[in-house]
Amino acid sequence: MTDSPIKTRREGAILEVTLDRPKANAIDLATSRIMGETFQQFRDDPDLRVAIITGGGEKFFCPGWDLKGAADGDAVDGDYGVGGFGGIQEMRDMNKPIIAAVNGICCGGGLELALSADMILAADHATFALPEIRSGTVADAASVKLPKRIPYHIAMELLLTGRWFDVHEAKGWGLINEITTPDQLLPRAWDLARLLASGPPLVYAAIKEIVRDAEDSKFQDTMNRITKRQLRTVDTLYASEDQMEGARAFAEKRDPVWKGK
């Protein structure tokens, strides 16, 4: 639909998803549900391998929860749809790489959305914050994720003060992968997406499931599940044509041809 807050562009195995909801790209319940449906379709489409999430315009990536929508009756604990808020942070079995291309203000639930991606690129004018404390609520997903991504005391400072920080500080803490100029943000994201799309999708799936499993497990417990092929993606990979193709390509000194099966 032309009036949808979510715009998509598909090129080969890559899907670009743009949150385009003027003026600020805030997410209400209806938008979150559309985002969830979009990313569910991406997850389940065998021909798609990589997604890019970005915001419409040059000023906002996403400020998070739509407070105007909340004032009009959207409940903060309402139905965000499949995948939870923004469609990806609770999406089950999301075993494909997602790149966040942050093109401006990225705060609150918008930062949580970016944290749900696997890689984050940011334009040099982007700014970040977790200001939920100022509106009397909690940045729940960020409270779970941020202390695992950056030093604990810095994460707690950002959560407890809600202060703003720029791309250079974010890069310094390892929160983002790369800083670009605004005009190079999407081209760089697409270059990275094309690189990933040329790689082995079954290996990517196994990596993502292993990382999720290890997040709440002891090292040896996860290793045991891997070696016993108790993780679905690992079992699929070890029995796949791609596993054999990788070995053959190495022996034959050629580039592998990945089929995802």
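Here is how the numbers come out for the structure above:
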{"read-out": "Net charge contributed by nearby residues that have their C-beta within less than 10 Å of Lys259 (K/R +1, D/E -1)", "value": "-2"}
{"read-out": "Local electrostatic count, Ala206, Cβ distance below 13 Å [Lys/Arg +1, Asp/Glu -1]", "value": "+1"}
{"read-out": "Where trypsin sites (Lys or Arg not before Pro) fall in DSSP loop in the stretch 118-192, at most 14 other Cβ within 10 Å", "value": "Arg163"}
{"read-out": "Net +/- balance of residues flanking Met35 in space, Cβ distance below 14 Å, scoring K and R +1, D and E -1", "value": "-4"}
{"read-out": "10 Å-binned pair-distance histogram of the chain (Cα, whole percent)", "value": "7, 29, 34, 22, 7, 1, 0"}
{"read-out": "Segment Lys7-Glu252, extension gain: residue separation times 0.36 nm, minus the distance between their alpha carbons", "value": "83.9 nm"}
{"read-out": "Cα radius of gyration and Dmax for the stretch 118-261 (Å)", "value": "19.7, 61"}
{"read-out": "Whole-number accessible area per residue in Å² for the chain, which is evaluated in the context of all protein chains at 1.4 Å", "value": "51"}
{"read-out": "FRET E, pair Ser198, Asp166, Förster distance 51 Å, beta-carbon r, rounded to 0.05", "value": "0.95"}
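The values are calculated or read from the model by the stated rules, or taken from the named source; none is laboratory data. Nothing here was measured: the structure is a model prediction, and the numbers come from that model. For neighbour counting, all protein chains shown are included, and Cβ atoms are generated from backbone atoms with ideal geometry for every residue, glycine included. To get the accessible areas, we keep the full protein, side chains included, count just its heavy atoms, and leave off ligands, DNA and RNA. Shrake-Rupley method; radii C 1.70, N 1.55, O 1.52, S 1.80 Å.
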